[in-house]
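Asker: This structure is in structure tokens; I'll ask about it shortly.
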Amino acid sequence: MALRFFNTLSRSLEEFVPLNPAGPVGLYCCGPTIHDFAHIGNFRTFVFADLVRRALEFKGLAVRHVMNITDVEDKIIRRVAEAKTSLREFTSKYEAAFFEDFQALGCLRPHLTPRATEHIAEIIDLIDKLEKRGIAYRAPDGSVYFSIEKYQAAGRRYGQLLKLNFEEMRRGERVSNDEYAKESVADFALWKARVAPDGGVFWPSPWGEGRPGWHIECSAMSMKLLGQSFDIHMGGEDLIFPHHEDEIAQSEGAGGQAEGRPFVKYWLHGAHLLVEGMKMSKSLGNYFTVRDLLAKGFTGREIRYLLLQAHYRESFNFTLEGLKAAREALNRLDECLRKLREACGGAAGAPQSDLIDKFSAALDDDFNVSAIWGSVFEWVRESNRLLASQQMPPERAASGLAAWEKIGGALGFAAANDEQAPPELLALLDERQAARRAKDFKRSDAIRDDLKAKGWAIEDTAKGPRLKRV
Ligand SMILES: [Zn+2]
């Protein structure tokens, strides 16, 4: 069976057939807007994109994964002005924090992470093309807009991803954006003329000083790095309209695609995340960044596990209770892996094929994570049963572990990632051993309690004591 997933463009499950069989799969995911620490809802999308990339690689495909960094945008400019700092100084702090969180969740860094501010020339080129084709127009204030009417008059369809009455939907947006210079309420800004509150954030352009609109950034960077037509574009479902719809209009409006080829072949969207049963909000106290959760003592691995519990097209209720359950489930898995390693005793084995087949079939079924975890924990139960009754042959332990190496790798939970205690805690464990040898039991007990308070228990094994998550 081949990989199948839900293409928002056709609103149906489709088999994945790469545009270019010889080349890498082009995968673009809209990245963070770096004006603050990203919250857990943002990371649901990024963890899902990471899963898609790993799944494609598991299937033997080479992938070119691009995630943009939106480092110029209304909120950023406001915050830069408030903080009385420079754009780069302001954004670099949040960009670094973003990648720390990204790594804590076990996400592979995309191959390319272009910044919008480093692609102003490409953005201007694209707007220029649209203007030459009569689809973009200059407004009296020096801004440039995309004309949906002209786009449609050129035989293109606006509203490919979502059937919508966009005239209605944009009415509120126009008022909030004060974009009164537009010819039609549905039009959107490609280039925003410099205004006083922008401070020092502006670039020269053929239309005067200003800055790019948000939508054009993604069109320009994705086509530059992945070509005029590429395979997969991802993002949260809130980006379907207007962001992704506008990306299609801009990219196809510029007309660089070969005859009959779309800008993007497959659009994949992840659903919303609820937190503690509600839409996340700072006033409700259910607004969590990754670092908030790490400070509560949870690990990135536990957060990732919880984010990968629900199917990407279903909204999911993320709770602190759920994180505790995630910890228990991962402990069960890690405990089993540890015992299997002991039972394996250096034996080797090919990856257990029924486990690999089930995993592969579940991926093919629109990334069916419930089926994936179901079969992983069925294997854990069966392994525990055989281990408990001393019926686990070393070869079977080895082939189970070899299968997990592949499956865990594709999920971002490789066996090699079994949670290791951080070095400072391992140093404490050594100190406790030294205290015991010196018969300083008061000190050794104090260290044990300290470790326990940090969420780790000391477990005695044949190879000496080790730290285990409680
Ligand atoms: Zn985007």
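Asker: What about MET234, is it away from the ligand (no atom under 11 Å from the Cβ) and within 23 Å of the chain's Cα centre (by Cα)?
Answerer: no
Asker: Looking only at residues in segment 269-282 that are part of a strand (DSSP E or B) and surrounded by fewer than 19 Cβ atoms within 10 Å (Cβ to Cβ), which one is farthest from the ligand (Cβ to nearest atom)?
Answerer: Ranking the candidates gives MET278 first.
Asker: Let me ask something else. Which fully enclosed helices (runs of 4 or more DSSP H) of segment 283-397 have 3 or more residues being among the charged types (D, E, K, R)?
Answerer: By residue number, 300-307, 320-344, 353-364, 369-388.
Asker: Further question: For segment 187-216, which residues satisfy the criterion of being away from the ligand (no atom under 16 Å from the Cβ), surrounded by fewer than 24 Cβ atoms within 10 Å (Cβ to Cβ) and of a type in the set (A, V, I, L, M, F, W, C)?
Answerer: Result: ALA193, VAL195, ALA196, VAL201, PHE202, TRP203, TRP207.
Asker: Please determine whether any residue of segment 417-424 is more than 24 Å from the chain's Cα centre (by Cα) and assigned to a helix (DSSP H, G or I).
Answerer: Yes, segment 417-424 contains a residue that is more than 24 Å from the chain's Cα centre (by Cα) and assigned to a helix (DSSP H, G or I).
Asker: Sticking with this one: Look through GLY260, GLY297 and report the one residue that is within 30 Å of GLU122 (Cα to Cα) and modelled with pLDDT under 95.
Answerer: Just one listed residue meets the conditions, GLY260.
Asker: Return a yes/no flag: does segment 254-268 have any residue that is more than 25 Å from GLY41 (Cβ to Cβ), surrounded by 23 or more Cβ atoms within 10 Å (Cβ to Cβ) and either touching a residue at least 12 places away in the same chain (Cβ under 8 Å) or within 16 Å of the ligand (Cβ to nearest atom) (or both).
Answerer: Yes; the residues of segment 254-268 include at least one that is more than 25 Å from GLY41 (Cβ to Cβ), surrounded by 23 or more Cβ atoms within 10 Å (Cβ to Cβ) and either touching a residue at least 12 places away in the same chain (Cβ under 8 Å) or within 16 Å of the ligand (Cβ to nearest atom) (or both).
Asker: Run down TRP379, TRP456 and say which single residue is touching a helix residue (DSSP H, G or I) at 6+ places or on another chain (Cβ under 9 Å), modelled with pLDDT under 95 and surrounded by 18 or more Cβ atoms within 10 Å (Cβ to Cβ).
Answerer: Result: TRP456 is the single residue among TRP379, TRP456 that is touching a helix residue (DSSP H, G or I) at 6+ places or on another chain (Cβ under 9 Å), modelled with pLDDT under 95 and surrounded by 18 or more Cβ atoms within 10 Å (Cβ to Cβ).
Asker: Would you pick out the residues in segment 128-152 that are touching a Gly at 6+ places or on another chain (Cβ under 9 Å) and hydrophobic (A, V, I, L, M, F, W, C)?
Answerer: LEU130, ILE135, ALA136, VAL144, PHE146 - these are the residues of segment 128-152 that are touching a Gly at 6+ places or on another chain (Cβ under 9 Å) and hydrophobic (A, V, I, L, M, F, W, C).
Matching residues to (1) among the aliphatic types (A, V, I, L, M); (2) more than 28 Å from TYR305 (Cα to Cα):
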{"residue": "VAL369", "(1), (2)": "yes, no"}
{"residue": "GLU382", "(1), (2)": "no, no"}
{"residue": "PRO394", "(1), (2)": "no, yes"}
{"residue": "GLU424", "(1), (2)": "no, no"}
{"residue": "ARG432", "(1), (2)": "no, yes"}
{"residue": "ARG443", "(1), (2)": "no, yes"}
{"residue": "ALA446", "(1), (2)": "yes, yes"}
{"residue": "ASP449", "(1), (2)": "no, no"}
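Asker: Can you tell me which residue in segment 1-12 is surrounded by the fewest Cβ atoms within 10 Å (Cβ to Cβ), limited to those that are under 15 Å from MET234 (Cα atoms) and not charged (D, E, K, R)?
Answerer: Checking each candidate, the answer is SER10.
Asker: A follow-up question, please. Could you say whether any residue in segment 217-225 is more than 11 Å from the ligand (Cβ to nearest atom) and buried (at least 21 other Cβ atoms within 10 Å of the Cβ)?
Answerer: Yes, segment 217-225 contains at least one residue that is more than 11 Å from the ligand (Cβ to nearest atom) and buried (at least 21 other Cβ atoms within 10 Å of the Cβ).
Asker: Is it fair to say LYS406 is touching a helix residue (DSSP H, G or I) at 6+ places or on another chain (Cβ under 7 Å) and part of a helix (DSSP H, G or I)?
Answerer: yes
Asker: Something else now. Any chance you could count how many residues in segment 8-40 are over 15 Å from PRO262 (Cα atoms) and within 16 Å of the ligand (Cβ to nearest atom)?
Answerer: The number of residues fulfilling the criteria is 8.
The values are calculated or read from the model by the stated rules, or taken from the named source; none is laboratory data. Since we're looking at a predicted model, the values are computed, not measured. Glycine gets a Cβ as well: all are built from the backbone with ideal geometry, and neighbour counts include every protein chain shown.
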